[in-house]
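Each value in this text was obtained by applying a stated rule to the coordinates, not by laboratory testing. Please read all numbers here as calculations on a predicted model, not as lab measurements. Note that we place each Cβ from the backbone using ideal geometry, even for glycine, and neighbour counts take in every protein chain shown.
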Amino acid sequence: DGGITQSPKYLFRKEGQNVTLSCEQNLNHDAMYWYRQDPGQGLRLIYYSQIVNDFQKGDIAEGYSVSREKKESFPLTVTSAQKNPTAFYLCASTPHWAQPQHFGDGTRLSIL
Amino acid sequence: AQSVTQLGSHVSVSEGALVLLRCNYSSSVPPYLFWYVQYPNQGLQLLLKYTTGATLVKGINGFEAEFKKSETSFHLTKPSAHMSDAAEYFCAVKGGTSYGKLTFGQGTILTVHP
């Protein structure tokens, strides 16, 4: 079945450490997105990519980085510059900007 | 610029009662509107969408929503609540252009009592 796979499901970060969240899709979608979800705040856009080798900052990109070297993969790195990284991170994709986004099952990041 | 306001962070209904989740939006261009549902520790699942055409939109699991341009609203309804409807619901708006991003409301947690 086609879908979006996020891994790991749970991740723990030590102070000063960078961690990378994986997002892989086999839907052949061009556009991919990363969101951060905090209780009572809905979803906020971190980064998005409309095509391979191209990506743009969203509303809360500070302390995060991404790459898009392959169509099916859009990893997110949470750097040590992100001072409040504890959240639920969701990856999404869509075949066209006018179509709904499909979501993965998320990665929950916590601080040790 | 665009924004979404979901009225009521928590809604509680009895099983079999009407479900009404409110969503108001603002958009400087004709909007595309979506409702998503999220179960604990899972991603978001699309319930329904409005792009163009018929203003009453039917979705999965018996949900529907009506786009009212004059009221800038897109409220979600279901005639009879089921225990399995208990979840968090998100309304989202996208400007109808290729540069429009998807903006989410803060979410409404629906509780269904037996």
Fill in the blank from the handout: Averaged over residues of A:58-68, the number of beta carbons from other chains lying within 10 Å of each residue's Cβ is 0
Fill in the blank from the handout: With a ≥ b ≥ c from the Cα gyration tensor eigenvalues, square-rooted, and the rule rounded for a/c under 1.5, otherwise prolate when a/b > b/c and oblate otherwise, chain B is prolate
Problem - Too-long pairs where the Cα-Cα distance tops 21 Å, listed order kept, from B:49/B:78; B:58/B:94; B:69/B:94; A:83/B:101 - result: A:83/B:101
Fill in the blank from the handout: Once both label points are put 7 Å beyond Cα along the C-beta direction, the residue B:51-residue A:15 separation in nm becomes 5.0 nm
Exercise for the section: Given the options B:14, B:70, B:84, state which has the largest fluctuation in a GNM of chain B using a 10 Å cut-off (strictly under) for Cα springs. Expected result: B:70
Fill in the blank from the handout: Rounded to the nearest 0.05, FRET efficiency between residue A:99 and residue B:84 (Cβ-Cβ, R0 25 Å) equals 0.40
Practice task
First obtain the Kirkwood hydrodynamic radius of the protein assembly as shown from its Cα pairs, then insert it into the Stokes-Einstein equation at 4 °C and 1.567 mPa s, and state the resulting D in µm² per second as a whole number.
Solution key: 72 µm²/s
Completion exercise
Across B:88, B:15, B:71, the residue with the highest GNM fluctuation in chain B (Cα network, 10 Å cutoff) is B:71
Problem - the range B:28-71, relative contact order in percent, only Cα pairs under 8 angstrom and at least six apart counted - result: 27 percent
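Shielding of B:102-112 by partners, i.e. mean partner chain Cβ atoms within 10 Å per residue?
Details: counts 10, 5, 7, 2, 5, 6, 0, 2, 0, 0, 0.
Mean inter-chain Cβ contacts per residue within 10 Å come to 3.
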Practice task
Could you grab the relative contact order for the range A:1-58? Cα pairs under 8 Å, six or more apart, rounded to a whole percent.
Solution key: 25 percent
Completion exercise
Contact order relative to length for chain A, counting C-alpha pairs under 8 Å separated by 6 or more residues, stands in percent at 35 percent
Problem - Per-residue average of Cβ from other chains inside 10 Å of A:31-37 - result: 2
Practice task
With θ set to phi - 60°, apply the Karplus curve 6.51 cos²θ - 1.76 cosθ + 1.60 along the range A:96-107 and write out the HN-Hα couplings as whole Hz, x wherever there is a Gly or Pro.
Solution key: 7, 4, 8, 8, x, 8, 9, 10, x, 8, x, 10
Handout entry: In nm, spacing of pseudo-spin labels at residue A:57 and residue B:61 (7 Å Cα→C-beta vector)
Key = 3.7 nm
Exercise for the section: Go through the range A:18-35 residue by residue and turn each phi into a ³J(HN,Hα) via Karplus (6.51, -1.76, 1.60, θ = phi - 60°); whole Hz please, and just put x for glycine and proline. Expected result: 8, 10, 10, 9, 9, 9, 10, 10, 10, 9, 6, 7, 7, 9, 9, 9, 10, 10
